[in-house]
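Trainee: Here it is, the structure, as structure tokens.
Please treat every number below as a calculation from the coordinates, not as lab data. All figures in this text were calculated on a predicted structure; none of them were measured in a lab. Here the Cβ positions follow ideal geometry from the backbone for every residue, glycine too, while neighbour counts run over all protein chains shown.
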Amino acid sequence: MRRMRQLHRWAGLGGAGFLLLTGLTGLLWANAPRLYWKDDYKKIKAPVVAPPLESARIDMRRALAMALQQLGSEVAAAVLTLKSEAGRLVYEAQAGKRSVLIDALTGRSLSPLTEEDASRFADQYAPKGASRLIARHESSFTGRDGRKRGPVWVVTYRDKGGTEIVLDEMSGQIIEEFDPSRRFHFWVMRLHKLDFFHTDRMLTAIPGLFLLGLVITGMRLWLQA
């Protein structure tokens, strides 16, 4: 009986601890916009004026041919988009998850991005007043979802938060934006979902085991009373 009471007590404490953790992180998550989260996540904060779309000197057929050549012989078709990006007029050719950029004025391929181009792309997403510190190339990047991407450019800025912008090396698309408030919020999210050690949230079974133990030991104590 005494041992059963101890087990019941520990199961209750464990379950209560996890419930408290879930409640606190859930409150932080729900109220993040009012407490610390800024709603400009992965949005352009410093747009750069680019030439008008009608000023493109490279026609779409030529741009598509250049893009397909760079994408490889196994790619038979791609979606081509003319757009403004970091003060440039570019064609983006997408085939599945792969992309290449072609300068619509010069016909020069921008993919993979050079350090200079990556910095220009990243500067659009940097907070106002932040100065660029360093741009480093990384062969892979593990996202918050655990998936590996790459290669990427990681551009770091000198500001209060040490902002980091992660860009896809080929398309210049922003993959992630980090600063202290973002990092804290991502940690709160992972803690709430118990998403650690690449377990795909299987750790959420632990609170359930404590609650199950609480029910079983409670029933045993009731039957033995």
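Trainee: Taking amide H positions as placed in the peptide plane 1.01 Å from N, state which residues far from residue 175 in sequence (5 or more) or on other chains have amide H under 5 Å from it.
Mentor: 166, 167, 168
Trainee: Starting at the first residue of segment 185-190, write each ³J(HN,Hα) from the Karplus equation 6.51 cos²θ - 1.76 cosθ + 1.60 with θ = phi - 60°, in whole Hz, x for Gly and Pro.
Mentor: 5, 5, 5, 4, 4, 5
Trainee: What list of whole percents do you get for P(r) of segment 53-184, with Cα-Cα distances grouped in 10 Å bins up to the one holding the largest distance?
Mentor: In whole percents, the pair-distance histogram is 13, 39, 32, 14, 2.
Trainee: So if R0 is 22 Å, what FRET efficiency would residue 43 and residue 115 give, r being the distance between their Cβ atoms, rounded to the nearest 0.05?
Mentor: After rounding, the FRET efficiency stands at 0.40.
Trainee: Still on this structure, please answer the following. From the backbone phi of segment 47-57, what are the Karplus-calculated ³J(HN,Hα) couplings (6.51 cos²θ - 1.76 cosθ + 1.60, θ = phi - 60°) in whole Hz, Gly and Pro given as x?
Mentor: x, 10, 5, 10, x, x, 4, 6, 8, 4, 9
Trainee: Starting from the amide H of residue 41, placed 1.01 Å from N in the peptide plane, find each other amide H under 5 Å away whose residue is 5 or more places distant or on another chain.
Mentor: Here the answer is none, since no amide H 5 or more places off falls under 5 Å of that of residue 41.
Trainee: Computed FRET efficiency, Cβ-Cβ of residue 148 and residue 3, R0 35 Å: what is it to the nearest 0.05?
Mentor: Step by step, r from the Cβ atoms, then E = 0.15.
Trainee: Once phi is turned into ³J(HN,Hα) by the Karplus curve 6.51 cos²θ - 1.76 cosθ + 1.60 with θ = phi - 60°, what whole-Hz value does each residue of segment 108-117 show in order, with x for glycine and proline?
Mentor: 6, 6, 9, 10, x, 5, 6, 4, 5, 5
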